[in-house]
1. Not counting the cut sites, what is the longest span of the chain without trypsin sites (Lys or Arg not before Pro) that DSSP labels loop and that have at most 13 other Cβ atoms within 10 Å?
2. Measuring from label point to label point, each 7 Å out along Cα→Cβ, what is the Glu13 to Lys98 span in nm?
3. Could you check how much of the accessible area of the stretch 26-157 is carbon and sulfur, as a whole percent, using a 1.4 Å probe?
4. Ranked from the most accessible area to the least, with a 1.4 Å probe and all protein chains present, what is the order of Trp30, Trp73?
5. Enumerate the aspartates and glutamates that Lys77 could reach by cross-link, defined here as Cα to Cα under 15 Å, with residues fewer than 8 away along the same chain left out.
6. Can you work out the FRET efficiency for the pair Thr25 and Ala72, with r the C-beta to C-beta distance and R0 = 25 Å, to the nearest 0.05?
7. With charges set only on the Cβ (+1 for Lys and Arg, -1 for Asp and Glu), what does the dipole of the chain come to about its Cα centre, in debye to the nearest 20?
8. For the chain, what is the accessible area per residue in Å² when the probe is 1.4 Å?
Amino acid sequence: MSAPAAPEIAELEEQERLLTLPRFTHDDAWTLGTLLVELARERDAPVAVDIRRGGQQLFHAALPGSTPDNDAWIDRKRRVVERYGCSSLLVGSRFRAKGTTFEDSSRLDPDTYAAHGGAFPLTVKDTGVIGTVVVSGLPQIEDHRLVVEALEKFLNA
């Protein structure tokens, strides 16, 4: 079975526009985090999940099969969202659309930043990006899709 195709840049931008939150509290972090854990458990996905607002970690879970490497990937992908204000997959896709890679052209240390799918901005209406939600443990497109699915369910709950 082949890996799923990466979404187009326009689709990634639309996801971010649609997945704007009315607010984001500590309780919302718990709700979104547990939703992500439930979705991952349903799929036996060996992921780690991280949710932050500003500099504060509000939720973290490591499911069976995840490793400390997943936490390192979380940190690297999260830093991309914090720096660029959009999903880590969108950042990487924009570099690829220019015929290059994030690693070759961003001038950022790849041991500190990773423009691989799985990190998504938490954007609050009329405020902007206030934090991140990150999944690591699956191929990058699947990490991204899991986060998007959880945010869609969270917003429609």
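1. On the way: sites that count: Arg23, Arg43, Lys98, Arg107, Lys125.
It works out to 44-97.
2. The answer from the label model is 1.5 nm.
3. Numbers: 2900 of 6330 Å².
Looking at the stretch 26-157 in its full context, I get 46 percent from C and S.
4. Numbers: Trp30 155, Trp73 85 Å².
Putting Trp30, Trp73 in descending order of accessible area: Trp30, Trp73.
5. Answer for Lys77, where 15 Å is the Cα cut-off: Asp50, Asp69, Glu103, Asp109, Asp111, Glu142, Asp143, listed by chain and number.
6. Values: r = 28 Å, r/R0 = 1.12.
Plugging the Cβ-Cβ distance into 1/(1 + (r/R0)^6) gives 0.35.
7. Details: 18 positive and 24 negative charges, 71 e Å.
Value, rounded to 20: 340 debye.
8. On the way: 8090 Å² over 157 residues.
Dividing the accessible area of the chain by its residue count gives 52 Å².
The values are calculated or read from the model by the stated rules, or taken from the named source; none is laboratory data. Just so it is clear, the model here is predicted, and its values are computed rather than measured. Positions of Cβ are backbone-derived with ideal geometry, glycine not excepted, and every protein chain shown enters the neighbour counts. Quick note on the areas: whole protein, heavy atoms, side chains included, nothing else; ligands and nucleic acids left out. Shrake-Rupley method; radii C 1.70, N 1.55, O 1.52, S 1.80 Å.
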